[in-house]
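Encoded as structure tokens, the structure appears first; notes follow it.
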Amino acid sequence: MQHMKSTFVALAVGIVGFTIPAFAATTLHVTLTDQMELKLETNTVKAGRVVLDVINEAESQQHEVIIARLNDRNQSVSVSPGQDRVDERKIKTLGEVSDLDPGKEGKLSINLKPGEYLLFCNMKGHYQAGMLAHLTVE
């Protein structure tokens, strides 16, 4: 009987060990540059917990990353007149890694559902200069 109990415990531990990775977060590396680039390691991730691991590789500019859910990939994003920034009240922002000085890193852990997302820098003029990337969550 003792042998049966230890076999059961070993089997239960083995089963639990295989299920743990299913709950692990996906890390998405995001790189920001002086050339107004917002580069994603990949443009597609699985739904669930995603950690945005952001590094500002710029040598002279502060950047940030905001993530917003889009209705579809072609949804237009409006820029506030005279502000040179995206009007965050007109899109559904979900979180951000803000005010990253050159050489600094930041993280954002967020639960993403299947759909289309936009990641962008909303420092003055940066979005218009091309600091954005689309992310598909499957």
How large is ³J(HN,Hα), in whole Hz, for each residue of segment 104-113 in order, when computed from phi with the Karplus curve 6.51 cos²θ - 1.76 cosθ + 1.60 and θ = phi - 60°, using x for Gly and Pro? 8, 10, x, 10, 9, 9, 8, 8, 10, 8
Taking 7 Å along the Cα-to-C-beta vector as the label spot, tell me the K104-A129 distance in nanometres, rounded to one decimal. 1.7 nm
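For H29 and N111, compute 0.36 nm times the residue count separating them, minus their Cα-Cα distance, and round to one decimal in nm.
Using 0.36 nm per residue and subtracting the Cα-Cα distance, I get 27.9 nm.
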Report the label-to-label distance for R49 and D84 in nanometres (one decimal), using points 7 Å from each Cα along the Cα→Cβ vector. 4.0 nm
For D87, list long-range residues whose amide hydrogen, built 1.01 Å from N in the peptide plane, is under 5 Å from its own amide hydrogen. S78, V79, S80
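None of the figures in this text is laboratory data; all of them are computed from the coordinates on show. Note that the structure is predicted; figures quoted are calculated from it, not measured. With ideal geometry, Cβ positions are generated from the backbone for all residues, glycine too; neighbour counts draw on all protein chains shown.
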